[in-house]
Amino acid sequence: MEPDQETKKWNTITGIAFAIALVAGAITGYKFGFLFAVYTILIVSGVYFAVSFYIRDDSKETGGPSAVDGAIMGGVLLAGIGACGFIYGFTEDVTLTAVCIIAVMIAASATMIIRNRKYL
């Protein structure tokens, strides 16, 4: 079975997004170190996942949370983990990192509440 044009388009976009993530990670890693490269890749990948799954969602009327919502939340969490890693890497402050983790959980929850507000 041959994939359709829409699938090929998204596969190409995904490949480009991950290439950008790897190049940005390599540049950041060269300048700041290996862990910052990983954090950069997590942030770029997470943002891409969240945005692309939001754009590709065909089932706007599902009656509640769906697998697409889980993928969007996963993207938000992935980007948030990378951001918290950056904060800890530059400040080495555990309290500030814990606040970042709590903020990421609130942002992920808010994303789901906003997407499914008509079902609450």
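So F86 fits all but one of (1) farther than 19 Å from V38 by Cα; (2) aromatic (F, W, Y); (3) buried (at least 18 other Cβ atoms within 10 Å of the Cβ); what number is the exception?
The number of the failed condition is (1).
Of everything in region 1-21 that's touching a helix residue (DSSP H, G or I) at 6+ places or on another chain (Cβ under 8 Å) and part of a helix (DSSP H, G or I), which residue is modelled with the lowest pLDDT?
The first filter runs over region 1-21 and keeps only residues touching a helix residue (DSSP H, G or I) at 6+ places or on another chain (Cβ under 8 Å), leaving 3, 10, 13-14, 17-18, 20-21.
Subset that is part of a helix (DSSP H, G or I): 10, 13-14, 17-18, 20-21.
On the way: W10: 86, I13: 91, T14: 91, A17: 93, F18: 94, I20: 95, A21: 95.
Ranking the qualifying residues of region 1-21, first place goes to W10.
With G70, G64 as the choices, which residue is at pLDDT below 95 and surrounded by 12 or more Cβ atoms within 10 Å (Cβ to Cβ)?
On the way: G64 fails: surrounded by 12 or more Cβ atoms within 10 Å (Cβ to Cβ).
After ruling out the rest, the residue left standing is G70.
Only helices (runs of 4 or more DSSP H) wholly contained in region 22-120 count here; list those with 2 or more residues that are without any contact (Cβ under 8 Å) to a residue 12 or more places away in the chain and under 28 Å from E6 (Cα atoms). Before you say what the answer is, go through the steps one by one.
Working: elements: 34-56, 67-91, 94-115.
Result: 67-91.
The values are calculated or read from the model by the stated rules, or taken from the named source; none is laboratory data. The structure presented is a predicted model; accordingly, all values stated were derived computationally and were not measured. Positions of Cβ are backbone-derived with ideal geometry, glycine not excepted, and every protein chain shown enters the neighbour counts.
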